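Just so you know, all these numbers are worked out from the coordinates, no wet-lab data involved. Computed from a prediction, not measured in an experiment: that's the story for all the values here.
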Amino acid sequence: MLKVMQEARWSIVIPVKTLIRAKTRLAGAAGTHREDLAVAVAADTTSAALACPLVARVIVVTADPIPAARLAALGAVVVQDPDKGLNTALRAGFAHSVLLAPHDPVAALQADLPALRPAELAQVLAAAAQFDESFVPDATTVGTTLYATLPGVPFHPRFGGESRNRHLSGGAKELALDDIPTVRRDVDTVEDLRTAAALGLGPHTAAVAAKFLVD
Ligand SMILES: Nc1nc2c(ncn2[C@@H]2O[C@H](COP(=O)(O)OP(=O)(O)OP(=O)(O)O)[C@@H](O)[C@H]2O)c(=O)[nH]1
Ligand SMILES: C=C(OP(=O)(O)O)C(=O)O
């Protein structure tokens, strides 16, 4: 059954990896700034989500006390990560969001979107409100940056590696919107970070990137 939720306000679940294991593909470029960068990109992602008018709350799932404290200070609710991988973390965040607001739709959002703009996220959530289960492919159309379900619909995130095809073949609607570059621009490599910088980094990431990113 197709449900449509106009004017819905969303719970957003953001997973944040334990810092010692985070952003390893940026270790070469970021050096001693790698952990600070991981916290900064999560902070910019969280701030942009909280600033989106269609977002009611942000639920961060992490096992690490440092991002937990930083992101709680920004206004996120923090849930303990069972530490059994990304999709398990997302399901823990989903379970908490249902306890807090059982009638609100839920979207899992990658933490590494440092150029995210609230208006672009609003565009995505308005589109997601028209489908039971949907997702946004990443900038390379290989992975996924957002996965969403409406209330009462099974929440079955399939993140990790080539997740775009898994979400698509699992029956989720691919949200093919034209003008949402900041929602699709996740940052795994230094080239990704430069592309995000061209879109406009959030202030937390810009401050850390300035310490190691040279033109
Ligand atoms: N809470 C939680 N978040 C995770 C876990 N694994 C990955 N993530 C998050 O999922 C997103 C994608 O993570 P990855 O690309 O696998 O890891 P990364 O730290 O961004 O980068 P690499 O170390 O270079 O792979 C990021 O938002 C991570 O913070 C996990 O086990 N628990
Ligand atoms: C986890 C994913 O992405 P990445 O490892 O590129 O952050 C994904 O796209 O499902």
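When the alpha carbon gyration tensor of the chain is reduced to an equivalent ellipsoid, its three semi-axes come out at 26, 18, 16 angstrom, largest first.
Entry for the range 60-171 at q = 0.16, 0.19, 0.22 Å⁻¹: log10 I(q)/I(0) = -0.78, -1.13, -1.48, Debye formula applied to identical alpha-carbon scatterers, no solvent contribution. Each helix, a run of at least 4 DSSP H residues, gives -39500 (n - 2.57); summed and divided by the residues of the chain, these come to -11500 deg cm²/dmol at 222 nm.
Count of lysine pairs in the chain with Cα atoms under 19 Å apart, counting only pairs 8 or more residues apart in sequence or on different chains? Can you show the working numbers first?
Working: 3/173; 17/84; 23/84; 23/211.
Final tally of qualifying lysine pairs is 4.
Here the relative contact order of the chain, from alpha carbon pairs under 8 Å that lie six or more residues apart, stands at 26 percent.
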